[in-house]
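This report refers to the structure that appears directly beneath it.
The values are calculated or read from the model by the stated rules, or taken from the named source; none is laboratory data. Keep in mind the model is a prediction, meaning the values are calculated, not measured. Neighbour counts are summed over all protein chains in view; Cβ atoms, including those assigned to glycine, are modelled from backbone coordinates with ideal geometry.
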Amino acid sequence: MNHHHSDRVKRKRTGQSMLELIAATTIIAIALVPALKLMRDSIRIGRQTETANILATFSMSKLEEHLARTAANWNTNTDSGAIPNYNGLRYQVTKVNEAVGSGLMRITSVAYEDGNGNGTYDAGERNATFVSKVAKNVAYEQEAN
């Protein structure tokens, strides 16, 4: 009898039953799916935040550049183009003489995500817009020269 008892002890299960494997897989899947969704959403939001930062920084940079140019020589040229090294991101700078002879120019700088790829800023495209005014001043022109 002693011999049979030791055989039974040796033949104890060494693996998992199919039901245990299915239960474990189900529990892991239930926990994994929301975790993967959270990671996907985090990556998407991170990308959107990075793009918004690029748009704001570039738009402000272009506004400052054109404020200086306009103050120096009353340059009324507009400007537009692609933001270097960022596919699908563009900018445009427009200038409007507030009133003839007023010596006041409104400059608008828009950096935008060109969602439809047409090369122009359309309503609804994500953007960063900055607006400022500069006065025509002889002292500014002399300082630039």
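Would you mind finding the one in ARG90, ARG40 that is closer than 28 Å to THR108 by Cβ and within 30 Å of the chain's Cα centre (by Cα)?
On the way: ARG40 fails: closer than 28 Å to THR108 by Cβ.
Going through ARG90, ARG40 in turn, the sole match is ARG90.
Here are the criteria: (1) modelled with pLDDT under 90; (2) under 20 Å from the mean Cα position of the chain (by Cα). Tell me which single one ILE45 does not satisfy.
Result: ILE45 fails condition (1) only.
Please find, within the stretch 93-110, the residue that is farthest from the chain's Cα centre (by Cα) out of those that are of a type in the set (Gly, Ala, Ser) and over 26 Å from GLU50 (Cβ atoms). Walk me through it before giving the result.
Restricting attention to the stretch 93-110, the residues satisfying the condition of being of a type in the set (Gly, Ala, Ser) are 99, 101-103, 109.
Remaining after also requiring over 26 Å from GLU50 (Cβ atoms): 99, 101-103.
Details: ALA99: 37, GLY101: 40, SER102: 38, GLY103: 37 Å.
It comes out as GLY101.
Note down all Cβ pairs under 8 Å where the first residue falls in the stretch 17-42 and is at pLDDT below 90, the second is outside any helix (DSSP H, G or I) and not aromatic (Phe, Trp, Tyr), and they're at least six residues apart or on different chains.
Taking only residues 6 or more apart or on different chains, the pairs are ALA24/GLN16.
For GLY117, which of the numbered conditions (1) touching a residue at least 12 places away in the same chain (Cβ under 8 Å); (2) at negative phi fails to hold?
(2)
Within the stretch 68-88, can you find the residues that are touching a Ser or Thr at 6+ places or on another chain (Cβ under 6 Å) and either free of Cβ contacts under 8 Å to residues at least 12 places away in the same chain or within 15 Å of GLU141 (Cβ to Cβ) (or both)?
We begin by selecting, within the stretch 68-88, every residue touching a Ser or Thr at 6+ places or on another chain (Cβ under 6 Å); these are 78.
Answer for the stretch 68-88, where residues must be touching a Ser or Thr at 6+ places or on another chain (Cβ under 6 Å) and either free of Cβ contacts under 8 Å to residues at least 12 places away in the same chain or within 15 Å of GLU141 (Cβ to Cβ) (or both): there is none.
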